[in-house]
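Below you'll find the structure, written out as structure tokens, and then a few comments.
The values are calculated or read from the model by the stated rules, or taken from the named source; none is laboratory data. What you see is a predicted model, and the numbers here were worked out from it, not measured in a lab. FYI the Cβ positions are ideal-geometry reconstructions off the backbone, even for glycines, and counts take in every protein chain you see. Surface accessibility is based on the protein's heavy atoms, side chains included, excluding ligands, DNA and RNA. Shrake-Rupley method; radii C 1.70, N 1.55, O 1.52, S 1.80 Å.
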Amino acid sequence: MSEKIEFQTEVAKLLDIVVNSLYSEKYIFLRELISNASDACDKLKYWSLMNKEVAPKSGGFKIVITPDEKEKTLTISDNGIGMNKEDLINHIGTIAKSGTADFVKNVKDNGSIVDLIGQFGVGFYSAFMVAKKVEITTKKAGEKKAYLWVSDGLDGYEIIDAKKQSNGTDIKLFLKDDAKDFADSIYLRHIIRTYSDHVEYPIVLNLGKAGEETVNTASALWTRNKGEITDEQYKEFYRHLSKNMDDPWLTLHFKAEGSIEYNALLYIPSTAPYDLFQPDRQQNLKLYVNKVFISDKIEGLMPAYLRFVKGVIDSSDLPLNISREMLQQNALLSKIRQGVVSRILKELKKRTKDYDDYLKFWNAFGIAFKEGIYEDFSNREEVASLSLFASTNDKLRLTTLDEYISRAKEDQKAIYYITGDDVSTLRHNPQLEAFKEKGIEVLLLTHPIDEFWTQVLTSYKTFAVKHISTADINLKIERNEKKADEGDLKKLTDFMAELFKSEVGKVEISEKLTKSPAALNVENGQMSIHLERLMRNHQQQTAFASTRILELNPYHPLIIKLSEMVSNDEKKNEVADVSRLILDQAKIAEGETVSDAAFFSEKLSQYILQSL
Ligand code: ADP
Ligand code: MG
């Protein structure tokens, strides 16, 4: 029986990129195929716990690499789980992930598929970088039929009934002319040692008459002693796990002893993955029980705000024979999580001492990490203390909360913050004028998550955490400049309150402004203008807007002038126009849009012309 099947459109597109681009790092195909062979052994090892029948009859699991220099072929064999016909169709001919479009776009943007091929779960196709034809002979454990899958990587593949003695998979590559080196055993030995040493199963180089040779160390890296592991080995294992090509920013290898024992080898990458903020993004820890791979999809092993941590956790205290679903609810798991989280936070604390180094971590993962202030109730203060913020103190350098506190004024009892869309607009927010005048630092928060953690972290150490609109310190600025007449001001505020009654709840006089004629504020304790805007953008907010307060600066020449004009009936229209421009200006300073753009630009041009 033989059947011809066309590639799924995505696969064909992908193959086209793989086959028609030039790479210097072709050798990565071997790392990918060995990694698949190792995964296949993991799967069968797990299955054989329940069903002894399927375990290898003799010699254990292994991966055999057979080069043939004469025929210019290379075969990668494993005695793992193998594939049946459905597996071949569903896993080899199809890309399950919806991310192919992302992949193609990323390749176009970055020009390198080498970094991306593993991340997108398309490692198998890298075989076509070096092969003009690929034959897969495979038999699934516990089943009788074997299959041969053949493809030239162009438009489709063929599946043919085949004969194979034992379960597992042989992948035979017919090497392209420019890839003949991969049939050379010296070169092969070198790349296996360099890129696949960490694989826990023996990788055996089959040299024909010259015999067989195990090339790698073949023991689970995380169970070895720290002293026996080189930096390079740690890095290679990281690349294997994370499918990234970068170096890890943090490598953390430890053995926990006490009420529950486990080995952990954890990494924080130095760059963020493309899908850090995609809702379906899963955590990245592989769970082993006594060196048997259980799952990399155990929820709750790592809190969401640390979803960028990659690594392995191996414990012999967890039960092997319960289902993955049951394991999820196991109380020991939450103990492991607590232990692992506190180790990571401790390690981060150490690294904060070198600002430039810590900034690399922060720039890559800070926004996700800050979710922990909101999410991780038991470590809330700790996560906050590890977070960096822009502030009015220094234009370039970010600050920690502790540094902020160390600079606080003598009578200052709160950490003040303001929220908005971006730091440079925030710096010019009129609400900050009094704080600048008094030398009180304000944090400038610009991420949506900031609106959420500030709701729950209401104090830090002995300081309250407050939005500047709720500041209860004396921000009144002493000055002896000319001020508008009290009676006139009253008339002006009444006039504006009436004029803007559909947009603004109140018009008040403020002693807190130094430069701007006016500013927008909200009633104490109400939702900030920024949060309201965020919710509006997500269609979650329609009717319940906070009460806006338009604050006027009684020392500003424009306000003085208007207050003098407001009683003059002939000037009413002009006062109304200028008042509206003042409100629009205050809106712009808050990052809001003006209510009537046509009016705004027409009046602005008119006044500019008058002044010229
Ligand atoms: P990934 O390994 O990220 O899933 P690949 O493209 O490398 O992506 O492999 C696709 C799938 O093909 C694997 O998930 C697995 O189901 C199957 N597969 C590949 N190689 C083997 C093998 N040697 N034995 C069994 N299954 C395999
Ligand atoms: Mg793979």
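Stick to Cα atoms and the Kirkwood definition of Rh, then tell me Rg/Rh for the stretch 36-88. Please list the in-between numbers first.
Working: Rg = 13.3 Å, Rh = 12.4 Å.
On the Cα set of the stretch 36-88, Rg over Rh gives 1.07.
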Original post:
Tilt of helix 231-242 relative to the longest C-alpha principal axis of the chain, in degrees (0 to 90, nearest 10)?
Top reply: 80
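Could you work out the per residue convex hull volume over the alpha carbons of the chain, in cubic angstrom?
Details: hull volume 125.8 nm³, N = 612.
Each residue corresponds to 205 Å³ of Cα convex hull volume.
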**OP:** Using the 2.2 N^0.38 Å rule of thumb for compact globular proteins, work out how the stretch 2-218 stacks up: its C-alpha Rg over that value, please.
**Re:** 0.99
Subject >> List Trp47, Trp149, ordered by accessible area with a 1.4 Å probe, largest first >> reply: Trp47, Trp149
Original post:
For the stretch 481-612, taking Cα atoms only, what is the radius of gyration to one decimal and the Dmax to the nearest whole Å?
Top reply: 15.3, 46
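Over every pair of different alpha-carbon atoms in the stretch 478-545, take the mean of 1/r and invert it; report that Kirkwood radius in Å. Numbers along the way, then the final one.
Details: mean 1/r = 0.0690 Å⁻¹.
This gives a value of 14.5 Å.
Would you please put 122-129, 557-564 in order of how densely packed they are, using the mean number of other Cβ atoms within 10 angstrom per residue and starting with the highest? The partial results should precede the final answer.
On the way: 122-129: 21.6, 557-564: 18.8.
Ranking, from highest mean packing down: 122-129, 557-564.
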Original post:
In nm², what is the average projected area of the convex hull enclosing the Cα atoms of the stretch 389-475?
Top reply: 5.3
Subject >> Using θ = phi - 60° and Karplus 6.51 cos²θ - 1.76 cosθ + 1.60, couplings along the stretch 264-273 (whole Hz; Gly, Pro as x) >> reply: 10, 10, 10, 9, 10, x, 9, 10, 7, x
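Rg over Rh of the stretch 118-273, using C-alpha atoms and the Kirkwood radius, what does it come to?
Details: Rg = 19.1 Å, Rh = 18.6 Å.
Here the Rg-to-Rh quotient is 1.03.
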**OP:** Sort Val423, Val289 from largest to smallest accessible area, using a 1.4 Å probe on the heavy atoms of the protein chains.
**Re:** Val423, Val289
Original post:
What angle do you read, to the nearest 10 degrees and between 0 and 90, between the alpha-carbon axis of helix 486-499 and the longest principal axis of the chain?
Top reply: 50
Original post:
Once you put a point 7 Å from the Cα of Ala576 and another 7 Å from the Cα of Leu154, both along the Cβ direction, what distance in nm separates them?
Top reply: 7.8
**OP:** Note down the nm distance, to one decimal, between modelled labels 7 Å out along Cα→Cβ at Gln610 and at Thr75.
**Re:** 9.2
**OP:** Determine, for each peptide in 209-217, 137-145, the mean count of other beta carbons within 10 angstrom over its residues, then list the peptides with the highest first.
**Re:** 137-145, 209-217
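Using C-alpha positions alone, give me the convex hull volume of the stretch 421-526 per residue in cubic angstrom.
On the way: hull volume 14.2 nm³, N = 106.
Per residue, the Cα convex hull of the stretch 421-526 comes to 134 Å³.
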Original post:
What list of ³J(HN,Hα) couplings, whole Hz, do you get for the stretch 131-142 from phi and the Karplus terms 6.51, -1.76, 1.60, once you set θ to phi - 60° and write x for glycine and proline?
Top reply: 10, 8, 8, 10, 10, 10, 10, 8, 9, 7, 4, x
**OP:** Per DSSP H run of n ≥ 4, the term is -39500 (n - 2.57); total these for the chain, divide by its residue number, and report the mean residue ellipticity at 222 nm rounded to 500 deg cm²/dmol.
**Re:** -11000 deg cm²/dmol
Original post:
Radius of gyration and Dmax for the stretch 154-239's Cα atoms, expressed in Å?
Top reply: 16.7, 50
**OP:** Quote the accessible area belonging to Met1 in square angstrom, nearest 10, computed with a 1.4 Å probe and with ligands, DNA and RNA left uncounted.
**Re:** 150
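For the stretch 389-475, what relative contact order do you get, as a whole percent, if you take Cα pairs closer than 8 Å and at least 6 residues apart?
Numbers: 106 pairs, mean separation 32.5, N = 87.
Relative contact order comes out at 37 percent.
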Original post:
Rg (Å, one decimal) plus Dmax (Å, integer) for the alpha carbons of the stretch 223-373?
Top reply: 15.1, 47
Original post:
Zone of Gln455 (label point 7 Å along Cα→Cβ, backbone N under 17 Å): which residues in the stretch 358-398?
Top reply: 370-377
